[in-house]
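What follows is one structure encoded as structure tokens, with my remarks underneath.
The values are calculated or read from the model by the stated rules, or taken from the named source; none is laboratory data. All values derive from a computational prediction rather than experimental measurement. Every residue, glycine among them, receives a Cβ derived from its backbone with ideal geometry; neighbour counts consider all protein chains shown.
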Amino acid sequence: MKIAIVGTGYVGLVSGTCFAEIGVNVTCVDTNKEKIESLQKGNIPIYENGLEEMVLRNMKAKRLKFTTSLESCLDEVEVIFSAVGTPPDEDGSADLKYVLEVARTIGRNMKQYKLVVTKSTVPVGTASKVRAVIQEELDKRGVKVDFDVASNPEFLKEGNAISDFMSPDRVVVGVESARAEKLMSKLYKPFLLNNFRVIFMDIPSAEMTKYAANSMLATRISFMNDIANLCEIVGADVNMVRSGIGSDTRIGRKFLYPGIGYGGSCFPKDVKALIKTAEQNGYTMRVLTAVEEVNENQKSVLFEKLVKQFNGDLQGKTVALWGLAFKPETDDMREAPALVLIDRLLKAGCKVRAYDPAATQECKRRIGDTIYYACDMYDAVLDADVLMLVTEWKEFRLPSWAVIKKTMSRQIVLDGRNIYDKKEMEELGFIYHCIGK
Ligand code: UDX
């Protein structure tokens, strides 16, 4: 089977490579010439566990290739996945410019049947816009060619994307013809051999599923952050509460970890976009509006704890940050709580020494040399008045506290991800604060 995937961003590159891994002949397309030339040389633009080896292996086996021209590979493929970006507009709604450009190129050049599948996260109704644009181009050419559109939202987690793709909980596909359903079944069967859970539905429901899934997960996090803040006030321990409620199978244990707010490319964008979609349709998403508000506030809770610790006098204090990325196992800084924290620290007159195992370059690209980039976690705490744990990378779990205690000028630890034990930290001689207890 031969397919094309347009957009070599996170979703496109991972999906293309994983399809190639199971024997599909994949052409990845991107208009960014530099990116494609670099991929053709085997250079992977993103940090994702296991991706590089898989790309190289499949390129070598000639199942995976890269091109800037969708036109040039269109004749030989039957299915085209569109995984181009849908950046938020200024008002928070998803910008469909790239999605519709792909549709236009297909409509202008297709000669025989194509199934055009949207993988990008797009608002309900996008597939019908894609269909209309393709049809418009066919009509302009005065040709009659059969085609289908479909929606196949992606649920990949950064850092775990390969295994999420190779053994998904489920695959959601919105289709409107038997032919499209058959093609999508054929493509996904190898991933779900023992447990074939492709959920077919109508296209608007598939489009909505992605937003609803991410919004539900974001809601759990904001809910727990709200509970954590209240736990602090009333003297409860959110970790206990979390295990207490998570053991109810109706609630479940996952995505109940309080912290300094969710970030990344999906949750913030998708929550905003769903609020916007509702607004455009004359409806208000009351729960999600609160989810968003709680998250914005949560990004500042560590800073507020610092203000309290120093009675508002932060001028000239040295703050060590462990972690910059929005979560571990990625170099992604999109909507990272660290950015809000750094901004507030610098404005308050603090000096910042930060260390992240992967995101230093990305942070530098965004905020330049406004902070000091430490070469390791011990360098970061040198002469620091306070250490803030921002991203829970594994290497921060068991540091040598004796060394850190000597290296810091004051022994204060603010743990934004609740990874250390309060009692142990206090026994070691640190002033320790975390989230929700
Ligand atoms: C998410 C979805 O999980 C994925 O299905 C979708 O396709 C894209 O968006 P991702 O953004 O890679 O994936 O990260 P995820 O691991 O879900 O974490 C998102 C954010 O939530 C992170 O900032 C993380 O720190 C935060 N989080 C997660 C919490 O604060 N508490 C939790 O319990 C879980």
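A few comments on the model shown:
- Checked against (1) under 26 Å from the mean Cα position of the chain (by Cα); (2) surrounded by fewer than 19 Cβ atoms within 10 Å (Cβ to Cβ), Tyr211 meets all criteria but (2).
- Enumeration of residues in the range 25-61 that are surrounded by fewer than 21 Cβ atoms within 10 Å (Cβ to Cβ) and touching a strand residue (DSSP E or B) at 6+ places or on another chain (Cβ under 6 Å): Asn25, Ile36, Gln40
- For the range 282-318, a residue qualifies if it is under 16 Å from Lys347 (Cα atoms) and in contact with an Asp or Glu (Cβ under 7 Å, 6 or more places away or on another chain), and the qualifying residues are Lys317, Thr318.
- Hits in the range 50-60 - residues which are without any contact (Cβ under 8 Å) to a residue 40 or more places away in the chain and farther than 28 Å from Lys111 by Cα: Glu52, Glu53, Leu56, Arg57, Lys60
- Residue within the range 96-115 that is aliphatic (A, V, I, L, M), surrounded by fewer than 21 Cβ atoms within 10 Å (Cβ to Cβ) and within 23 Å of Cys266 (Cα to Cα) present: yes
- Set side by side, the residues Val6, Val11 differ, and just one is crowded, with 23+ Cβ neighbours inside 10 Å, touching a residue at least 40 places away in the same chain (Cβ under 8 Å) and under 16 Å from Thr67 (Cβ atoms), which is Val6.
- Evaluation of Gly42 against the conditions (1) within 21 Å of the chain's Cα centre (by Cα); (2) modelled with pLDDT under 95 shows that the sole unmet condition is (1).
- Among residues of the range 150-164, those that are buried (at least 21 other Cβ atoms within 10 Å of the Cβ) and in contact with a Leu (Cβ under 8 Å, 6 or more places away or on another chain), counted: 2
Conditions (1) within 25 Å of Glu37 (Cα to Cα); (2) at pLDDT 95 or above; (3) outside the structural domain of Ala20 (by TED's automatic domain parsing), marked per residue:
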{"site": "Thr68", "(1), (2), (3)": "yes, yes, no"}
{"site": "Glu71", "(1), (2), (3)": "yes, yes, no"}
{"site": "Phe81", "(1), (2), (3)": "yes, yes, no"}
{"site": "Val84", "(1), (2), (3)": "yes, yes, no"}
{"site": "Ala94", "(1), (2), (3)": "no, no, no"}
{"site": "Val99", "(1), (2), (3)": "yes, yes, no"}
{"site": "Lys114", "(1), (2), (3)": "no, yes, no"}
{"site": "Lys119", "(1), (2), (3)": "yes, yes, no"}
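- When Thr330, Thr277 are checked against the criterion of being more than 16 Å from the ligand (Cβ to nearest atom) and among the hydroxyl-bearing types (Ser, Thr, Tyr), Thr277 stands alone in meeting it.
- Among residues that are closer than 27 Å to Lys269 by Cβ and either charged (D, E, K, R) or in contact with a helix residue (DSSP H, G or I) (Cβ under 9 Å, 6 or more places away or on another chain) (or both), Ala320 is not included.
- Breaking point among (1) more than 23 Å from the chain's Cα centre (by Cα); (2) modelled with pLDDT under 90, for Glu48: (1)
- Scoring Glu304 on the criteria (1) within 20 Å of the chain's Cα centre (by Cα); (2) part of a helix (DSSP H, G or I); (3) acidic (Asp, Glu) leaves a single failure, condition (1).
- Only one of the numbered conditions (1) among the charged types (D, E, K, R); (2) within 20 Å of His433 (Cα to Cα); (3) touching a Pro at 6+ places or on another chain (Cβ under 7 Å) is not met by Glu335, and that is (2).
- If the condition is being more than 11 Å from the ligand (Cβ to nearest atom), in contact with a Lys or Arg (Cβ under 9 Å, 6 or more places away or on another chain) and basic (Lys, Arg), then the range 246-274 contributes no residue at all.
- Test: residue in the range 80-97 that is more than 16 Å from the ligand (Cβ to nearest atom), closer than 22 Å to Ile22 by Cα and of a type in the set (Val, Ile, Thr): yes
- Among the residues of the range 191-205, those identified as in contact with a helix residue (DSSP H, G or I) (Cβ under 9 Å, 6 or more places away or on another chain) and surrounded by 13 or more Cβ atoms within 10 Å (Cβ to Cβ) are Phe191, Val198, Phe200, Met201, Ile203, Pro204.
- Looking at Thr17, Thr8, Thr31, Thr68, just one residue is touching a Cys at 6+ places or on another chain (Cβ under 6 Å) and more than 20 Å from Ala180 (Cβ to Cβ), and that residue is Thr8.
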